[in-house]
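Just so it is clear, none of the values below were taken in a lab; they were calculated from the coordinates. No experiment lies behind these values; they were computed from the predicted model shown. Methodologically, a virtual Cβ is constructed for each residue, glycine included, from the backbone with ideal geometry; neighbour enumeration extends over all protein chains shown.
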Amino acid sequence: MKKVGIHIICNFTSIWLVTALLTGVKIRGGFLSYFLLATLLAVVNLGIKPILKFLTVPINLLTLGIFNLILDCLLLYALKFIVPGFYITEGKFVGIETSFFIIPSWNLNTTATVIIATIIFGLMTTLIEWLLKS
């Protein structure tokens, strides 16, 4: 039960960050929509994703693990149809600028928005889970 709670907190924070960085990922409905999406993502990541990963082991071996990204993108895009108020459309990556590096802004189509959102979501979820465990 504690593991599910940690996943929901990590997903909630990561979803907030993705919606802040990508204009094509929108959540309408406030806190309830964020919480519903975070909960469903936790259920998908803890329940459905391991089964799908097991079933796609041959494809993962052939693609050296890149198919995991495709699987994550498909699962995130599927949640678009389940969660009311969660939209993924064409958008723009707002970019990041710090004193160390600059990532410029980009205009993205829907497919690129899903891929970038999945990458940001995965990185942030991993980082937050690591911070909470230590």
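Report, to two decimal places, the Cα Rg of segment 2-133 normalised by 2.2 N^0.38 Å (N = number of residues). Before the final figure, lay out each step's value.
On the way: Rg = 15.0 Å, N = 132, 2.2 N^0.38 = 14.1 Å.
Working it through for segment 2-133, the quotient is 1.07.
Rounded, prolate or oblate: which fits segment 1-65, taking a ≥ b ≥ c as square roots of the Cα gyration tensor eigenvalues, rounded meaning a/c under 1.5, else prolate when a/b beats b/c? Working shown, then result.
Working: a/c = 2.83, a/b = 1.61, b/c = 1.76.
Oblate.
List the residues of segment 109-123 whose backbone N lies under 16 Å from a point placed 7 Å from the Cα of residue 26 along the Cα-to-Cβ direction. Label zone hits: 109-110, 113-114. Using a 10 angstrom cutoff on alpha carbons, build the Gaussian network for the chain and name the most mobile of 89, 56, 118. For the chain, modelled as a Gaussian network with Cα springs under 10 Å, the answer is 56.
Note the count of lysine pairs whose C-alpha atoms are less than 15 angstrom apart in the chain, limited to pairs 8 or more residues apart or on different chains.
4
Seen from residue 45, the other residues with C-beta closer than 14 Å to its C-beta sum to a net charge of +1, counting Lys and Arg as +1 and Asp and Glu as -1. Please check which bits of segment 106-134 a label hung off residue 90 would reach, taking the label as a point 7 Å along Cα-to-C-beta and the cut-off as backbone N under 20 Å. From segment 106-134, the list is 106-118.
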